[in-house]
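The values are calculated or read from the model by the stated rules, or taken from the named source; none is laboratory data. Since the structure is predicted, the reported quantities are computational estimates derived from the model, not experimental observations. Cβ placement follows ideal geometry from the backbone for every residue including glycine, while neighbour counts extend to all protein chains displayed.
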């Protein structure tokens, strides 16, 4: 009887000890290509190194990350970590994992530039909240085969948006291609050319002014291009509200000459276009204010409500490791945010020549982007500007309002959104 | 064989009786405790709890959200703002011109919803009635046609929208057919007027089968001797329709009108997938405005979305009451 009680006691103690050290972390992951698959592979190694910690990777649509996750987090629920793009907007829910990482200074050195986008608590905020696993840059892709068929030379370095639009239109006309130019229906995409046209977006104190002469100049140009058919009207006018819409399908099926999107499309184009035609990424076209796209990317963020902060901190530390990042980036064919890897370069062994060239173009152009573009990306309420831009510019395109009315509304929408966010 | 079946039947019967005997004692005890009148509440309790939790509680919560501000989701973090959210929605120089309103998109959604309800409900009831009258006649393949008209009702709204998007997009089936016939093509979902026409059309296509079925049941419940009497009196077809069919169909028609009205005001999924509310806000209805204000935009204005949903609920309530009153008056008169 005594031995039975003793055995039961030992069993209970073992069970308690096991459950005390066991932690399950839930990772909500969205992917443009193979990002979640690549992470799942690496996470197996993390689990082997950290016995008792399991990580469940839930692959979710991007819409869930953009619309569902913020609501979950606001109510103190949701995954322990997630792959997100709205770094500033979600920063208030993020966990500072500094106490749990082995070398915070090394992480600062490698990721400091993008960590800044999550540091919304003032200049003294040095927290480690999220590790970027995909640096992106917006910019154009061009169907080179169509240019060759039309006998039109690709505009060179320093060419303006007007030069590119004219060239793309000529190519479309000569080759009978449906669309000359298309740009994703996104305020993020709009911001790049707007800054190139001279938009300052922020005043000297860092407060948004959104609509100024530069912003207006590109808005006028963009609406005019939609009206005269230079830009595919379907993309922006074909949807309502601030709904995102891309034109990747049109580009991959060869019915679009020039597509203003971003580096995250490279893997998709490599896979979907194959040998069908030659395509290239070109540096951001120029305007009176410079030649810039918008930086961006996705980061894996830890959240405050987790029940296992230490294990979560260890996981973020693992994800920040150079060897782990290099393995993930090689598989996902993304540009590194890690400064050391940016300097060393990634061996994209499985990438085609087109993909490698495009990755090089975007990585190089990123270094030339305007400081305003980085400020815009790091601004915590940038989505308020993006949403208002898409909704109101579309209204001007379809004739629901004049452009002046639309610009006035962008201003008031942004002010109202910021007041509500206070 | 028969005796084996009898044995099984008796066995099942005994089990059934035993199960009820088990329940009898607690039920009798409960009845003695509560009294025969109040025991009904005990039976209703589970339903009341579920209904209260998932219907009444959200309505009350909605009221609290509508009267509070900020982008916080937890009620304790939301400051009380009184009727400010309603005032913001209703601030307008001219309600017929959305551009003059503070929340112009909301008023565009109100206008679109009003037009959508009038056109969709009006035409759908007309088409459903005509279809039901035809299907009520002794036509060849009647069973087949009844199934055909009902089939779209079984489809998910998202599937309906994707099918029609495939048909209506720039390089879709319809334009291919027009091009093949040497006719000019139209960018159906980018032209505001056409996009609105198509959301009404697709919505009617998807839902009319359901209402046709209800009206058909109503038509079949009209006694045939009334028609025989009218025929003996030499009444014309129009007179039979206007003096017999329609008056006797009115109770069913009232149900159809109320149901379709409520459903039209609540329209969202098909239109969201088909046009996304565009081009611009040409097909944006109130429910999408509520969704985008509360969940898609940053910051998320839950208060404004809740206020808009309360205004919509009031309109629906008024419409339903007016409709029910009109039907009752007609029935009594």
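Would you confirm whether any residue within segment B:91-102 is within 30 Å of residue B:304 (Cβ to Cβ), under 26 Å from the mean Cα position of the chain (by Cα) and within 14 Å of chain A (Cβ to nearest Cβ)? No, segment B:91-102 has no match at all.
Being assigned by TED's automatic domain parsing to the domain that holds residue B:165, buried (at least 19 other Cβ atoms within 10 Å of the Cβ) and either over 21 Å from residue B:120 (Cβ atoms) or touching a helix residue (DSSP H, G or I) at 6+ places or on another chain (Cβ under 9 Å) (or both): is that true of residue B:283 here? Considered against the rule, which asks whether it is assigned by TED's automatic domain parsing to the domain that holds residue B:165, buried (at least 19 other Cβ atoms within 10 Å of the Cβ) and either over 21 Å from residue B:120 (Cβ atoms) or touching a helix residue (DSSP H, G or I) at 6+ places or on another chain (Cβ under 9 Å) (or both), residue B:283 comes out as yes. The set of residues from segment A:398-407 being more than 9 Å from chain B (Cβ to nearest Cβ), free of Cβ contacts under 8 Å to residues at least 12 places away in the same chain and either assigned to a helix (DSSP H, G or I) or under 25 Å from the mean Cα position of the chain (by Cα) (or both) comprises just one member, A:404. I'd like to check something: does segment B:105-112 contain any residue that is surrounded by fewer than 20 Cβ atoms within 10 Å (Cβ to Cβ), assigned to a helix (DSSP H, G or I) and either at pLDDT 95 or above or not assigned by TED's automatic domain parsing to the domain that holds residue B:307 (or both)? Within segment B:105-112, one or more residues are surrounded by fewer than 20 Cβ atoms within 10 Å (Cβ to Cβ), assigned to a helix (DSSP H, G or I) and either at pLDDT 95 or above or not assigned by TED's automatic domain parsing to the domain that holds residue B:307 (or both). Annotation: of all residues in segment B:136-159 being within 25 Å of the chain's Cα centre (by Cα) and not in a helix (DSSP H, G or I), the one that is farthest from residue B:222 (Cα to Cα) is B:156. Each residue in segment B:300-333 was checked for being over 19 Å from the mean Cα position of the chain (by Cα) and crowded, with 21+ Cβ neighbours inside 10 Å, and 8 of them qualify.
Any residue in segment A:317-329 that is within 14 Å of chain B (Cβ to nearest Cβ) and within 28 Å of residue A:45 (Cα to Cα)? No, the conditions are met nowhere in segment A:317-329. In a residue-by-residue description of segment A:57-64, the property of being modelled with pLDDT of 95 or more and either within 13 Å of chain B (Cβ to nearest Cβ) or more than 26 Å from residue A:295 (Cα to Cα) (or both) applies to at least one position.
Checking each residue in segment B:185-197 for being within 17 Å of residue A:239 (Cα to Cα) and either surrounded by fewer than 22 Cβ atoms within 10 Å (Cβ to Cβ) or touching a helix residue (DSSP H, G or I) at 6+ places or on another chain (Cβ under 6 Å) (or both) picks out B:186, B:187, B:188, B:189, B:190, B:191, B:192, B:193, B:194, B:196, B:197. Among the residues making up segment B:65-76, those that are out of contact with any strand residue (DSSP E or B) (no Cβ under 9 Å at 6 or more places or on another chain) and either at pLDDT 90 or above or surrounded by fewer than 10 Cβ atoms within 10 Å (Cβ to Cβ) (or both) are B:65, B:66, B:74, B:76. Being out of contact with any strand residue (DSSP E or B) (no Cβ under 9 Å at 6 or more places or on another chain), farther than 23 Å from residue A:411 by Cα and more than 14 Å from chain B (Cβ to nearest Cβ) is a condition met by no residue of segment A:369-387.
Condition check ((1) in a helix (DSSP H, G or I); (2) in contact with a helix residue (DSSP H, G or I) (Cβ under 7 Å, 6 or more places away or on another chain); (3) closer than 23 Å to residue A:140 by Cα; (4) not assigned by TED's automatic domain parsing to the domain that holds residue A:277) across all residues:
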position: A:328; (1), (2), (3), (4): yes, yes, no, yes
position: A:358; (1), (2), (3), (4): yes, yes, yes, yes
position: A:374; (1), (2), (3), (4): yes, no, yes, no
position: A:387; (1), (2), (3), (4): yes, yes, yes, no
position: A:390; (1), (2), (3), (4): yes, yes, yes, no
position: A:396; (1), (2), (3), (4): yes, yes, no, no
position: A:410; (1), (2), (3), (4): yes, yes, no, no
position: A:413; (1), (2), (3), (4): yes, yes, no, no
position: A:417; (1), (2), (3), (4): yes, yes, no, no
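All told, residue A:365 meets the bar of being more than 10 Å from chain B (Cβ to nearest Cβ) and assigned to a helix (DSSP H, G or I). Against the criterion of being at pLDDT below 95 and surrounded by 23 or more Cβ atoms within 10 Å (Cβ to Cβ), residue A:181 does not qualify.
In this structure, is residue B:288 modelled with pLDDT of 90 or more and either closer than 19 Å to residue A:422 by Cα or within 14 Å of chain A (Cβ to nearest Cβ) (or both)? In short, yes.
Being surrounded by 20 or more Cβ atoms within 10 Å (Cβ to Cβ) and either modelled with pLDDT of 95 or more or under 18 Å from the mean Cα position of the chain (by Cα) (or both) is a description that does not apply to residue B:266. From the list B:47, B:62, B:85, the lone residue that is within 14 Å of another protein chain (Cβ to nearest Cβ), in a helix (DSSP H, G or I) and either more than 30 Å from residue B:264 (Cα to Cα) or at pLDDT 85 or above (or both) is B:85.
Just one of the listed residues (B:162, B:189) is closer than 17 Å to residue B:267 by Cβ, outside any helix (DSSP H, G or I) and in contact (Cβ under 8 Å) with a residue 12 or more places away in the chain, and it is B:189.
Report yes if residue A:311 is out of contact with any strand residue (DSSP E or B) (no Cβ under 8 Å at 6 or more places or on another chain) and assigned to a helix (DSSP H, G or I), otherwise no. Considered against the rule, which asks whether it is out of contact with any strand residue (DSSP E or B) (no Cβ under 8 Å at 6 or more places or on another chain) and assigned to a helix (DSSP H, G or I), residue A:311 comes out as no. When we screen B:180, B:172 for residues that are more than 17 Å from residue B:285 (Cα to Cα) and either more than 13 Å from chain A (Cβ to nearest Cβ) or in contact (Cβ under 8 Å) with a residue 60 or more places away in the chain (or both), the only hit is B:180. Restricted to strands (runs of 3 or more DSSP E) entirely inside segment A:194-307, those with at least 2 residues that are touching a strand residue (DSSP E or B) at 6+ places or on another chain (Cβ under 9 Å) and either in the same structural domain as residue A:329 (by TED's automatic domain parsing) or surrounded by fewer than 21 Cβ atoms within 10 Å (Cβ to Cβ) (or both) are A:295-302.
For residues that are part of a helix (DSSP H, G or I) and touching a helix residue (DSSP H, G or I) at 6+ places or on another chain (Cβ under 9 Å), scanning just segment B:165-177, find the one that is surrounded by the fewest Cβ atoms within 10 Å (Cβ to Cβ). Among residues in segment B:165-177 that are part of a helix (DSSP H, G or I) and touching a helix residue (DSSP H, G or I) at 6+ places or on another chain (Cβ under 9 Å), the one surrounded by the fewest Cβ atoms within 10 Å (Cβ to Cβ) is B:166.
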